[in-house]
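Engineer: Below you'll find the structure I mean.
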Amino acid sequence: MTETDLTIHQAFLPHTDPEAALAFYRDTLGFDVRNEVEYQGMHWITVGPPSQPGTSIVLHPPAADPGITDEERRTIAEMMAKGTFAGINLATKDLDATFERLQAGDADVVQEPTDQPWGIRDCAFRDPAGNMIRIFEQR
């Protein structure tokens with residue numbers, strides 16, 4: 001197998017409210033806002049951790065994909081509301097401090113810090129659009 005020079009540049013998560021998304025990702029998580037684009041009434045926001053300038057999350061309106069039907073849009077909205085449509089895993093060296101900071105910021109707690117049977121310790125939140133945000137403790 002040959003070595004690859006591929007890196008993760010961007011991941012995409014849907015949002016339903018740009019102001020709530022900014023408040024969560026910028027103010028609660030502490031991510032940098034790298035780009036904001038409005039086009040035809042839709043709003044894209046690119047955010048990322050200050051320590052990883054080459055890796056970003058693009059928060060996008062779920063209606064932006066012209067190839068989906070109205071029924072598919074309704075299904076996506078239902079799944080987002082339940083927190084089952086999209087998610088991302090983040091990592092921190094101090095899970096307890098991160099959890100306390102996010103909880104104090106009124107983040108929607110799904111799971112408090114827990115030792116998982118598969119050997120990791122993590123917690124979980126939902127962002128304002130319902131996306132699952134799991135945070136793992138780096139050991």
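Engineer: Which is farthest toward the positive dipole end of segment 47-139 among F125, P61, Q138, measuring Cα position about the Cα centre, with Cβ charges +1 (Lys, Arg) and -1 (Asp, Glu)?
Structural biologist: Positive-end residue among those listed: Q138.
Engineer: Shifting gears a bit: Any idea what the relative contact order of segment 10-137 is, in percent, if you count C-alpha pairs under 8 Å spaced at least 6 apart?
Structural biologist: Values: 222 pairs, mean separation 32.2, N = 128.
Worked out over segment 10-137, it gives 25 percent.
Engineer: Among F31, L102, P50, whose Cα lies farthest out toward the positive end of the dipole of segment 10-137, if unit charges sit on the beta carbon of Lys, Arg (+1) and Asp, Glu (-1)?
Structural biologist: Going by the Cα projections, it comes out as P50.
Engineer: Same structure again: Between Q52 and I120, how many nm apart are label points set 7 Å from Cα along the C-beta direction?
Structural biologist: Between Q52 and I120, the simple spin-label model gives 1.2 nm.
Engineer: Amide H neighbours of L13 under 5 Å, counting only residues 5+ apart in sequence or on other chains, H built in-plane at 1.01 Å?
Structural biologist: When sequence neighbours closer than 5 places are left aside, the close amide H contacts are V58, L59, H60.
Engineer: Long-range amide H contacts for D32: which residues qualify at under 5 Å (H placed 1.01 Å from N, peptide plane, sequence gap of 5 or more or a different chain)?
Structural biologist: Amide H to amide H, under 5 Å and 5 or more residues apart or across chains, D32 pairs with G48.
Engineer: Restricting to segment 40-139, compute how many DSSP beta bridges are antiparallel as a %, nearest 5.
Structural biologist: Percentage antiparallel, nearest 5: 70.
Engineer: Taking the Cα-to-Cβ direction at A23 and at R73 and moving 7 Å from each Cα, how far apart do the two end points lie in nm?
Structural biologist: Label-label distance for A23 and R73, simple model: 2.5 nm.
Engineer: Can you tell me the alpha carbon radius of gyration of segment 26-68 divided by the globular rule-of-thumb value 2.2 N^0.38 Å?
Structural biologist: 1.30
Engineer: In debye to the nearest 20, how big a dipole does segment 10-137 give about its Cα centre with +1 on each Lys and Arg Cβ and -1 on each Asp and Glu Cβ? Intermediate values should be presented prior to the final figure.
Structural biologist: Numbers: 10 positive and 21 negative charges, 50 e Å.
With Lys and Arg at +1 and Asp and Glu at -1, about 240 debye.
Engineer: Amide H of G87: which non-local residues (sequence gap of 5 or more, or other chain) have their own amide H closer than 5 Å, using H built in the peptide plane?
Structural biologist: Residues meeting the criterion, in which the H sits 1.01 Å from N, are M132.
Engineer: Treat each spin label as a single point 7 Å out from the Cα along the C-beta direction, and report the Q40 to A97 distance in nm.
Structural biologist: Placing both labels 7 Å beyond Cα along the Cβ direction yields 4.6 nm.
Engineer: Here's something else I'd like to know. Determine the distance separating the Cα centre of segment 65-139 from the Cα centre of segment 1-20; give it in Å without decimals.
Structural biologist: Cα centroid to Cα centroid, the span is 15 Å.
Engineer: I've got another one for you. I need the GluC sites (Glu not before Pro) found in segment 1-84, filtered to DSSP loop residues with at most 12 other beta carbons within 10 Å of theirs.
Structural biologist: Here the GluC sites (Glu not before Pro) that fit, given the DSSP loop and packing criteria, are E3.
Engineer: Now a separate question. So what are the radius of gyration and Dmax for the Cα set of the chain, in Å?
Structural biologist: Both quantities, over Cα of the chain: 16.0, 47 Å.
Engineer: Work out from phi, with θ = phi - 60° and the Karplus expression 6.51 cos²θ - 1.76 cosθ + 1.60, the ³J(HN,Hα) of each residue of segment 117-132, listed in order in whole Hz, and give x for Gly and Pro.
Structural biologist: Once rounded to whole Hz, the list reads x, 8, x, 10, 10, 8, 9, 8, 9, 10, 7, x, 8, x, 5, 7.
Quick note: the coordinates plus some simple rules give every number you see, no bench work behind them. If you're wondering where the values come from, they're calculated on a predicted model, not measured in any experiment. When we count neighbours, we look across all protein chains shown, and the Cβ atoms used for this are built from the backbone with ideal geometry, even at glycine.
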